[in-house]
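Visitor: Below are the C-alpha cells for one structure; questions will follow.
The values are calculated or read from the model by the stated rules, or taken from the named source; none is laboratory data. These numbers were taken from a predicted model, which means no experiment stands behind them. Using ideal geometry, Cβ is built from the backbone for each residue, glycine included, and neighbour counts are taken over all protein chains shown. Only protein heavy atoms, including side chains, enter the accessible area calculation; ligands, DNA and RNA are left aside. Shrake-Rupley method; radii C 1.70, N 1.55, O 1.52, S 1.80 Å.
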Amino acid sequence: MSTVTTRPPEGRYGRSSDERADRTLKVVGAVLSAALLALIGYFAYHYVGQSKISAEVIAFDAGRDSVKVHLEVRKDADADGYCTLRSQAENGAEVGRADFRFDGDSTRIDKVVTLRTTSPGTTAELLGCHAD
C-alpha cells in the first residue's frame, strides 16, 4: 500500500505562498534588527562617548544634619562642570540636594564633600554630572 500525498511535486509549480511569506518575514526582521542595533549604538555613543565628566560615590557617612560623601570624579582636562548629589531619609523623602563644581586641569579628582540635610539622611546618591 502506498501513502497518498497532497503536495505537488517539488519545483513544478514554484514556491508556495508560505515560503514567500517566510522569506519576507526574514528580510523584514533582519532590517528591523539592524535598525535597532544602529539606534542602540547611536545612543550608547552619545551617552558614553560624549560624556566629558563622570563620577562615582566611593563612600558616605551620614550624620544628623549632613552627609559626608567621598566622590571620585573623572573628566577631560579642559572640562569644567558639576555633579548633583542628593540624600534621602529612611522613609524615602529627599532631605538634601546640592551641586558640587569641579574645575581645573586634573583628569581625576578624589574629594570629600559635605551635603547639608534638613533631617538625618540615610543615603548619598549621585544623580548625575554635567559639563559646562
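Visitor: Quick check: Cα centre of the stretch 87-132 to Cα centre of the stretch 31-76, how many Å?
Guide: The distance from the Cα centre of the stretch 87-132 to that of the stretch 31-76 comes to 15 Å.
Visitor: Using θ = phi - 60° and the Karplus form 6.51 cos²θ - 1.76 cosθ + 1.60, what ³J(HN,Hα) does each residue of the stretch 60-69 get, whole Hz, x for Gly and Pro?
Guide: 8, 10, 7, x, 6, 10, 7, 10, 8, 10
Visitor: How much accessible area per residue does the stretch 33-104 have, in Å², with a 1.4 Å probe? Mind showing how you got there, number by number?
Guide: On the way: 4540 Å² over 72 residues.
Per residue, the stretch 33-104 has 63 Å² of solvent-accessible surface.
Visitor: For the chain, take the longest principal axis of its alpha carbons; what is the angle in degrees between that and the long axis of helix 17-44, to the nearest 10 within 0 to 90?
Guide: 20
Visitor: If you don't mind, there's one more thing I want to ask. Which one, ILE109, ALA89, ALA77, is farthest towards the positive end of the dipole of the stretch 63-118 when Lys and Arg carry +1 and Asp and Glu -1 on their Cβ?
Guide: ALA89
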